[in-house]
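Colleague: Starting off with a structure, shown below.
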Amino acid sequence: MNRRRFALSLAGAGAAVSSPWPALAQGTPVEGRDYVRLAQPIPMAATGKVEVVEFFGYWCPHCNAFEAPLDSWVRRLPADVLFRRAPVAFSAPQEPYARIYFALEAMGLLDTMHRKVFTAVHVQRQRLEKDDEILAFVSANGVNGAKFMETYKGFTVASKFRQARQLADAYKIDGVPTLGIHGRYFTSPSLVGGPEQALKVVDQLIQRTRPG
């Protein structure tokens, strides 16, 4: 979803989107059409791995649609590719969704709860912006509500939230879902023509980024 549409209400975000992706791009990925090269590369740690970051928002309907193909792709990644997510908030009402992600991560609950947050927002049409809404949601899903809210409001989540915002700024992210590749490039389903096409572009950019 482009930044221009970030004012979309969550009620509207849960509605069906008939044509979320533009026309399919074909052939070898073309810079400026299928991906963007960062003018200022982001320094990366020398881990021997290629890092891929998904910038997303639980509030975003296109991120929800992207989740299934992305999950299948992540399961097939080779050992030298490090994948991680960075939740993005472009407005105050979106910030709680990013903090929910980091609280779940800190508590080791992403495997069981990540998709449930998407389902709550886009299928059940729940808002998760206020403390009582968040507490009711996590408690209904078997999470210790008091511990979750303590984590949600704690230093670790606040620090992770700041770091994610800084990373999104460094990548010049203006829409989600977007995939950043090792501090050098980014692409997205909306840029290249769809989820599967975006992941194919990422595969090729990973190949270009590998040392040697």
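Colleague: Being part of a loop (DSSP other than H, G, I, E, B), without any contact (Cβ under 8 Å) to a residue 60 or more places away in the chain and among the hydrophobic types (A, V, I, L, M, F, W, C) is the filter here; which residues of region 26-68 pass it?
Modeller: Within region 26-68, VAL30, ALA39, ALA45, ALA46 qualify.
Colleague: Of the residues ALA92, ALA45, ALA65, only one is among the hydrophobic types (A, V, I, L, M, F, W, C), at pLDDT below 95 and open to solvent by 40 Å² or more (accessible area, probe 1.4 Å); which?
Modeller: Exactly one of ALA92, ALA45, ALA65 is among the hydrophobic types (A, V, I, L, M, F, W, C), at pLDDT below 95 and open to solvent by 40 Å² or more (accessible area, probe 1.4 Å), namely ALA45.
Colleague: I've got another one for you. Those residues that are touching a helix residue (DSSP H, G or I) at 6+ places or on another chain (Cβ under 7 Å) and either surrounded by fewer than 18 Cβ atoms within 10 Å (Cβ to Cβ) or among the hydroxyl-bearing types (Ser, Thr, Tyr) (or both), I need them from region 95-106; list them, please.
Modeller: ALA106 - this is the single residue of region 95-106 that is touching a helix residue (DSSP H, G or I) at 6+ places or on another chain (Cβ under 7 Å) and either surrounded by fewer than 18 Cβ atoms within 10 Å (Cβ to Cβ) or among the hydroxyl-bearing types (Ser, Thr, Tyr) (or both).
Colleague: Which one of PHE83, PHE148 is more than 15 Å from GLY57 (Cα to Cα) and touching a strand residue (DSSP E or B) at 6+ places or on another chain (Cβ under 6 Å)?
Modeller: Going through PHE83, PHE148 in turn, just one is more than 15 Å from GLY57 (Cα to Cα) and touching a strand residue (DSSP E or B) at 6+ places or on another chain (Cβ under 6 Å): PHE83.
Colleague: From the list LYS172, LYS160, pick out the single residue that is basic (Lys, Arg) and either surrounded by fewer than 18 Cβ atoms within 10 Å (Cβ to Cβ) or without any contact (Cβ under 8 Å) to a residue 40 or more places away in the chain (or both).
Modeller: LYS172
Colleague: For residues that are over 22 Å from ALA158 (Cβ atoms) and either part of a loop (DSSP other than H, G, I, E, B) or of a type outside the set (S, T, N, Q) (or both), tally how many sit in region 96-113.
Modeller: Residues in region 96-113 being over 22 Å from ALA158 (Cβ atoms) and either part of a loop (DSSP other than H, G, I, E, B) or of a type outside the set (S, T, N, Q) (or both): 1 in total.
Colleague: If you don't mind, another one. Taking interchain pairs and intrachain pairs at least six residues apart, which have beta carbon atoms under 6 angstrom, with the first residue in region 117-135 and open to solvent by less than 10 Å² (accessible area, probe 1.4 Å) and the second assigned to a loop (DSSP other than H, G, I, E, B)?
Modeller: Filtered contacts from region 117-135: VAL117/TYR58; ALA120/GLN126; VAL121/TYR58; ILE134/LEU128.
The values are calculated or read from the model by the stated rules, or taken from the named source; none is laboratory data. Because the structure is predicted, anything quoted here is derived from the model rather than measured. So basically every Cβ, Gly included, is an ideal-geometry build from the backbone, and we count neighbours across all protein chains shown. SASA here: full protein model, heavy atoms, side chains in, ligands and nucleic acids out. Shrake-Rupley method; radii C 1.70, N 1.55, O 1.52, S 1.80 Å.
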